[in-house]
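Written out below as structure tokens is the structure these notes cover.
The values are calculated or read from the model by the stated rules, or taken from the named source; none is laboratory data. Just so you know, these numbers come straight off a predicted model, no measurement behind them. FYI the Cβ positions are ideal-geometry reconstructions off the backbone, even for glycines, and counts take in every protein chain you see. All accessible areas refer to the heavy atoms of the entire protein, side chains included, with ligands and DNA or RNA removed. Shrake-Rupley method; radii C 1.70, N 1.55, O 1.52, S 1.80 Å.
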There are 2 protein chains.
Amino acid sequence: MVDDAFYMQLCIDEAWKYQGLTYPNPAVGALILDQHEKLIAIDAHHEAGSAHAELNVITKALTLLGDTKVSKIKNPIEKHQYVLKHHHNYFLGATIYVTLEPCNHTGSTPPCSLLVKELGFKKIVIGTMDPNPKASGGASILKNSGVNVSEGVLQKECELLLEPFKKWQTGDPYLFFKLAKTQNGVYSGGIISSLESRTLVHKLREKIDLLIIGGNTVRVDRPTLDCRLTGGKAPDILIYSQSKIFDFEIPLFKVKNRKVFIEDTLERVKQYKFIMIEGGQSMLEASLSYTDHQLFFTASHMQKGDVLQIDTNLQSLHSHQVGVDKLEWFKKI
Amino acid sequence: MVDDAFYMQLCIDEAWKYQGLTYPNPAVGALILDQHEKLIAIDAHHEAGSAHAELNVITKALTLLGDTKVSKIKNPIEKHQYVLKHHHNYFLGATIYVTLEPCNHTGSTPPCSLLVKELGFKKIVIGTMDPNPKASGGASILKNSGVNVSEGVLQKECELLLEPFKKWQTGDPYLFFKLAKTQNGVYSGGIISSLESRTLVHKLREKIDLLIIGGNTVRVDRPTLDCRLTGGKAPDILIYSQSKIFDFEIPLFKVKNRKVFIEDTLERVKQYKFIMIEGGQSMLEASLSYTDHQLFFTASHMQKGDVLQIDTNLQSLHSHQVGVDKLEWFKKI
């Protein structure tokens, strides 16, 4: 069925591509149908400090219309101002879908509710309401302005996108476990994931503030755990290990501008907010009780090697293709 | 980008849901945009002898328009005739996307090319051309009638859908290996897949004409290998085994209207056309060289048990969600 849920699912799919990368902001997806309900553009929020999903999808639509400037404006405030002046009434009578209620406050960007109102959208379909009291109220403003507001479409699925953001709101750390495995569940034996997957992991490493890794993995794999594929700042490292004996000549200990802790407790976590755990069987098993999500990259090939022998119920939150690998987010249930 | 490839991908996704179930016909997906390019409906060919993808998606569109009769007509010829009389010029100026060139001959249904022409579609976007010389020519007919024909959109991806059909055309058997596994690659230990996945497997068993299974699986798991979840005819069984010793009292040997062979060669395959192999490590390993595809149902949970220890390169052809499981088609590369 091509209905509101169908279009909201497209927004959700787009938003999950940026899950983690938008922290501390929520992952949000948006989509525009023109006045004749022709699908024009789909986009998402990409990273904190940049344009929200609504402004991104409007930018995309204007670019398709022939505007050559808007996509080059990096500053979201300038982009917002530009769009207010150069929309050519293109969105009069159009419909916008957003997984999250448009923000109603001026943060690092002006309010998206204003944008939706000023551009003349006739209808907005919202997945879930903004849990942030500072930013909420966008739906009410739009209703009062005469926009047709539909709320709660695929609400549960849209809420799943917000979990890291909700942790940040309550001041709690958000932890996720990342693992690469083959189609038959092997997680050892050299590089398993595609370059695309590894590049995404490096992007995530740029966003997290702490990376936890098991002592054995450091001793055996001798990883660098930096962001060399993307060029950004490497995260602080907590090597979770009883023994303090390591080969301190390996590159991991030489990366500039980061701290490396070797500790046998997880007390350090309290000083950080956005934390990724990398490891194999033992780290996954140990971390299942306190991690919010598990992120698996599954390659399509099979190889012989160490496999995970664990009993646990997991709920798949979302999956999509990254190069030849499948990326899938899970939650313990 | 919302372009021809975007819409063709939606057709491809829909078609894969019926892969195997349409045999000996190809799996085909189709989609309609109205004259304003509003997405109206997506559908696929469901099974041989029933309506083709084009007629199915037109039926869906007419039903959405308020036609209460068309969806109830089971006979595809009657449905075709009904649509020719009751389309209300709704498709004038519309666009249809099809993964495969519309057929141009009268088989168990009248030609779809005629339908597209008579209903006044202004444009057709085709994934790949019909390899069947008897049925091809639909694109030419439409071009000559003034329809805007665009060919070769996601051609490679659309061709992947045709592999079982192509085998049937050349008279060769089509063989695929089916396995259910957990997220960590365990394939043993009771029921792994969801009811939705097992129902789909039973639907596939209704379509195949031979099911091959390893002797050990019969001895240990004592499966029935029928279609009790869907009610159709159970396939013939080839138990591939050196030893002829079995407990002949298990339900497998009691299913009516089917043959069970116990043989230590695969010579029997030559007498069949559409063959599924079920098994674990040893059957997968042995069959990789002669199976066309591998079909894995991967559950989201993890459990301890036997895992596949195999080295092989696989290409993922397509995956989608079936209940809480992921269904994925692979090809050895």
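Take the residues in region A:264-277 that are of a type in the set (D, E, K, R) and touching a residue at least 12 places away in the same chain (Cβ under 8 Å); name whichever of them is surrounded by the fewest Cβ atoms within 10 Å (Cβ to Cβ).
Looking at the filtered set, the residue picked out is A:270.
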Practice task
Determine which member of the set B:134, B:166, B:143 is outside any strand (DSSP E or B), surrounded by 15 or more Cβ atoms within 10 Å (Cβ to Cβ) and of a type in the set (D, E, K, R).
Solution key: B:166
Fill in the blank from the handout: In region A:193-231, residues that are of a type in the set (A, V, I, L, M, F, W, C), more than 30 Å from residue A:26 (Cβ to Cβ) and surrounded by fewer than 22 Cβ atoms within 10 Å (Cβ to Cβ) total 1
Exercise for the section: Identify the single condition in (1) surrounded by fewer than 16 Cβ atoms within 10 Å (Cβ to Cβ); (2) within 13 Å of chain B (Cβ to nearest Cβ) that residue A:68 does not satisfy, given that it satisfies every other one. Expected result: (2)
Practice task
Exactly one condition in (1) in a helix (DSSP H, G or I); (2) more than 20 Å from residue A:293 (Cα to Cα); (3) within 14 Å of chain B (Cβ to nearest Cβ) is not met by residue A:41; state its number.
Solution key: (1)
Handout entry: Residue that is most open to solvent (accessible area, probe 1.4 Å), among those in region B:278-324 that are in a loop (DSSP other than H, G, I, E, B), at the interface with chain A (Cβ under 8 Å from one of its Cβ atoms) and touching an Asp or Glu at 6+ places or on another chain (Cβ under 6 Å)
Key = B:304
Problem - Residue check, residue B:32 out of contact with any Ser or Thr (no Cβ under 8 Å at 6 or more places or on another chain), surrounded by 23 or more Cβ atoms within 10 Å (Cβ to Cβ) and either modelled with pLDDT of 95 or more or more than 14 Å from every other protein chain (Cβ to nearest Cβ) (or both) - result: no
Handout entry: Single residue of region A:101-129 satisfying the filter (open to solvent by 20 Å² or more (accessible area, probe 1.4 Å) and closer than 23 Å to residue A:6 by Cβ) that is nearest to the chain's Cα centre (by Cα)
Key = A:129
Practice task
Could you figure out which of (1) closer than 24 Å to residue B:274 by Cβ; (2) in contact with a Pro (Cβ under 8 Å, 6 or more places away or on another chain); (3) open to solvent by 10 Å² or more (accessible area, probe 1.4 Å) isn't true of residue B:18?
Solution key: (2)
